[in-house]
Amino acid sequence: MEKMQNPTGQINFIPVASKLNWDEYFMLQAMLASYRSKDPSTKVGCVFVDKYNHQLTMGYNGAIAGIDESQMPWGNDKTVDLEFQKYGYVIHSEANAISHRQGSLEGSKGYVTLFPCNECAKLIAAQRVSEIIYLSDKYRDTPEIRISKKIFDLSGIKYRQMSLSKEITEDLCAYLNSMLKDL
Ligand SMILES: [Zn+2]
């Protein structure tokens with residue numbers, strides 16, 4: 001029996017589009033990574049992707065892998081000795097991502113929820129990352145961030161800020177909740 005033809009001639013042709021572009025998708029991944037952080041005051045996440053938009057590595061700020069983190073201070077009171085501040089122990093998200101990556105990050109793009117500090121900027125530049133896309137730049141007026149930008153400028157690393165609309169996060173929350181209802 002002859003099958004019905006679609007009057008347009010395009011059988012099962014349905015226009016489709018993702019709800020997220022790559023920037024939005026990877027920034028949400030970086031945000032999700034930050035959600036894993038146990039740091040009570042600052043949570044930062046990042047994802048590095050190659051030129052084909054394949055994820056290479058991710059990280060969030062936290063304790064050194066494998067150590068008993070209950071034995072390290074998590075407070076951020078800078079009036080005490082560094083030995084008793086989290087800053088003496090915590091690894092930043094970018095340093096974590098880079099240290100766990102087996103292989104080169106040359107030419108990759110890094111999505112970060114917060115502009116990288118100067119220590120992470122050194123690692124990013126040494127890896128020859130090509131671009132940093134960031135959400136927040138709230139420490140832009142500090143020497144550390146000015147140094148980061150100088151390092152990126154000297155290394156030819158591009159950096160740009162992006163934002164996520166409230167519609168995206170709200171739609172995503174509704175989508176996730178709807179998935180749980182379908183179980
Ligand atoms: Zn850092």
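The values are calculated or read from the model by the stated rules, or taken from the named source; none is laboratory data. Predicted model, so just to flag it, every value in this text is computed and none were measured. Glycine also receives a Cβ, built like all others from the backbone with ideal geometry; neighbour counts cover every protein chain displayed.
When you look at Tyr134, is it farther than 17 Å from Gly59 by Cα, within 13 Å of the ligand (Cβ to nearest atom) and modelled with pLDDT of 95 or more, yes or no?
no
Have a look at Leu105, Leu82, Leu32 and point out the one that is of a type in the set (A, V, I, L, M), modelled with pLDDT of 95 or more and over 19 Å from Ala121 (Cα atoms).
Leu32
Just to be sure, is Ser70 more than 16 Å from the ligand (Cβ to nearest atom), of a type in the set (Gly, Ala, Ser) and either loosely packed, with under 11 Cβ neighbours inside 10 Å or within 15 Å of the chain's Cα centre (by Cα) (or both)?
In short, yes.
Of the conditions (1) surrounded by 13 or more Cβ atoms within 10 Å (Cβ to Cβ); (2) free of Cβ contacts under 8 Å to residues at least 60 places away in the same chain, Leu172 clears all except one; give me its number.
Unmet condition: (2).
Can you say whether Lys109 is within 15 Å of the chain's Cα centre (by Cα), basic (Lys, Arg), under 18 Å from Ser34 (Cβ atoms) and away from the ligand (no atom under 12 Å from the Cβ), as far as the supplied structure shows?
It is true that Lys109 is within 15 Å of the chain's Cα centre (by Cα), basic (Lys, Arg), under 18 Å from Ser34 (Cβ atoms) and away from the ligand (no atom under 12 Å from the Cβ).
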